[in-house]
Amino acid sequence: MNIYLTALSAIVKREALRFVHQRERFIAAMVRPLMWLLVFAAGFRAALGLSIIPPYQTYITYETYIVPGLCGMILLFNGMQSSLSLVYDREMGSMRLLLTAPLPRWWLLFSKLCGSTAISILQVYTFLAVAALFDITVEPWGYVAALPALLIAGLMLGALGLALSSFIKQLENFAGVMNFVIFPMFFLSSALYPLWKMAESSPLLRDICAMNPFTHAVELIRFALYLRLEPMALLWTVLALVAFMLLAIWGYDPERGMTRRKG
Amino acid sequence: MTVGLQVDNLRYRYGAKEALKGVSFTLEAGAFGALLGPNGAGKSTLYGLLTRLFTTSEGRIEIAGHDLKAQPRAALARMGVVFQNQTLDLDLSVRQNLSYFASLHGLSGRDAATRIDAALDRLNMRERAGEKARALNGGHRRRTEIARALIHKPDVLLLDEPTVGLDAAARRSITDHVHQLCAEDGLTVLWATHLTDEVHDPDRLIVIHQGEKLADGHAGDLRGGADLSDYFLSLTGAQA
């Protein structure tokens with residue numbers, strides 16, 4: 001097998017093995033979206049009246065509305081968490097080990113991204129299965145159609161985490177990123193409320209939400225779950241993926257020396 | 001003389017602070033080079049540059065005949081590295097850790113398995129292959145990391161303070177092991193340390209302090225009749 005593919009499959013396999021050994025992390029990652037779905041949404045549904053908007057063809061419950069947003073949330077948190085583990089890895093040295101492999105850095109970073117995205121997607125499907133147990137379902141084929149959307153969205157959010165990890169020198173700074181990246185990205189999006197609803201309160205906020213790549217990732221997933229393609233969302237998500245990936249490659253460029261440490 | 005590792009006028013600065021002020025040395029193939037320097041001498045910066053974690057525009061590094069700047073991948077392929085911080089996945093077994101690394105060097109299947117067994121045998125770690133890295137003590141974790149660094153049969157082995165945190169017995173055993181590897185397999189070794197008792201008389205000794213090379217020669221010759229640690233202290237003390 002070619003060295004590129006050998007390395008890719010080893011990196012993905014390592015992520016998978018680490019994941020298997022960290023069941024607590026998996027359960028913790030499940031609790032968050034399920035709390036939103038089963039508690040927050042239940043309480044909130046009365047407060048928010050939804051009208052029929054695409055891709056829905058009928059009135060839907062609030063729980064149904066936020067499922068794609070929560071899928072996005074899993075991808076977002078995992079993307080950031082895996083970048084947290086990169087900062088930790090870099091401090092602990094296993095990132096250094098990876099970067100001494102005789103392969104181009106962009107390939108190593110891309111492989112790492114594929115590994116973490118695969119784990120994220122597994123978590124999303126687990127979440128969808130649990131949601132289905134509570135009768136919160138989508139179109140049967142939607143589960144299949146969502147796969148490419150989840151892949152693109154997962155890679156995009158993972159690439160963002162990767163880019164951020166190259167700019168964070170120490171683990172402690174990461175808490176700030178959580179507050180300044182994760183929360184704004186999540187709340188300034190269509191994950192919890194449709195954008196027209198946001199526009200009623202503030203057109204400015206609506207415009208910010210419409211710029212947010214996370215909104216487009218969520219919409220891409222939402223439409224895919226109902227067997228529809230939203231071209232604008234796809235375009236935005238892919239563009240964001242390319243931009244974040246380039247930023248990450250630049251961030252990890254040895255000539256820029258962001259990975260250096262004082263000796 | 002075949003050159004194992006060559007460092008030529010290497011400079012590096014962190015902002016205004018100059019961490020390496022034009023360091024040069026050459027290790028012939030099969031030499032054991034001890035890089036001795038107090039904390040903050042620039043050893044880790046040098047290792048960062050040698051492993052291409054970051055690069056500098058000033059100076060040149062050659063690994064087994066490959067220029068690290070011009071042919072980074074060929075140079076990295078000839079290099080084995082043991083980092084100062086431990087880099088094992090503690091939840092994975094010794095063998096899983098090693099086969100992950102083998103794959104990063106494009107080795108898989110039977111070829112990788114044979115090499116892994118050979119490397120583990122070399123370090124007397126074969127019977128621990130199935131254990132989780134977490135179950136190993138510090139000395140055995142280090143051995144695992146050395147075994148891992150040998151899987152792809154490198155020409156040059158770089159170790160950055162590999163005995164940090166080990167007890168006296170493990171420290172001695174690892175030091176002797178690597179000296180033996182160097183003597184028997186013709187491996188070029190660069191061993192960074194601040195502990196003089198890890199340096200043997202026939203070793204090539206390079207002393208660096210505050211980013212500059214202070215001494216370079218065979219340890220036995222350099223220390224003359226004196227104790228190596230006295231020699232080292234007088235050298236670095238005078239400069240401080």
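The values are calculated or read from the model by the stated rules, or taken from the named source; none is laboratory data. If you're wondering where the values come from, they're calculated on a predicted model, not measured in any experiment. Here the Cβ is made from the backbone with ideal geometry for all residues, glycine too, and neighbour counts use every protein chain on show. Protein only, heavy atoms only, side chains kept; ligands, DNA and RNA dropped before computing areas. Shrake-Rupley method; radii C 1.70, N 1.55, O 1.52, S 1.80 Å.
When you go through A:Val87, A:Val138, A:Val124 one by one, which is the residue that is over 19 Å from the mean Cα position of the chain (by Cα) and β-branched (Val, Ile, Thr)? Steps first, answer last, please.
Working: A:Val87 fails: over 19 Å from the mean Cα position of the chain (by Cα); A:Val124 fails: over 19 Å from the mean Cα position of the chain (by Cα).
Checking each option against the conditions leaves just A:Val138.
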**Message:** For the range A:158-176, check the following and say yes or no: at least one residue is within 21 Å of A:Ala240 (Cα to Cα), open to solvent by 60 Å² or more (accessible area, probe 1.4 Å) and part of a helix (DSSP H, G or I).
**Reply:** yes
The correct count of residues that are in contact with a helix residue (DSSP H, G or I) (Cβ under 6 Å, 6 or more places away or on another chain), among the hydrophobic types (A, V, I, L, M, F, W, C) and surrounded by fewer than 21 Cβ atoms within 10 Å (Cβ to Cβ) in the range A:236-253 is 2
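Okay, residues lined up against (1) among the β-branched types (Val, Ile, Thr); (2) out of contact with any Asp or Glu (no Cβ under 7 Å at 6 or more places or on another chain):
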{"position": "B:Glu18", "(1), (2)": "no, yes"}
{"position": "B:Arg60", "(1), (2)": "no, no"}
{"position": "B:Val81", "(1), (2)": "yes, yes"}
{"position": "B:Ser103", "(1), (2)": "no, yes"}
**Prompt:** Does B:Val3 meet the test of being among the β-branched types (Val, Ile, Thr) and either facing another protein chain (nearest Cβ under 9 Å) or open to solvent by less than 20 Å² (accessible area, probe 1.4 Å) (or both)?
**Reply:** no
* Kindly check whether there is at least one residue in the range A:138-154 that is closer than 19 Å to A:Arg18 by Cβ and either in contact (Cβ under 8 Å) with a residue 40 or more places away in the chain or among the hydrophobic types (A, V, I, L, M, F, W, C) (or both). => yes
Of the residues in the range A:69-118 that are within 14 Å of chain B (Cβ to nearest Cβ) and of a type in the set (S, T, N, Q), the one that is nearest to A:Ile152 (Cα to Cα) is A:Ser111
If we keep only residues of the range B:55-76 that are within 15 Å of B:Gly106 (Cα to Cα) and open to solvent by 30 Å² or more (accessible area, probe 1.4 Å), then the residue nearest to the other protein chains (Cβ to nearest Cβ) is B:Arg73
Counting only residues in the range B:105-140 that are closer than 19 Å to A:Ile11 by Cα and touching an Asp or Glu at 6+ places or on another chain (Cβ under 7 Å), the one most open to solvent (accessible area, probe 1.4 Å) is identified as B:Lys132
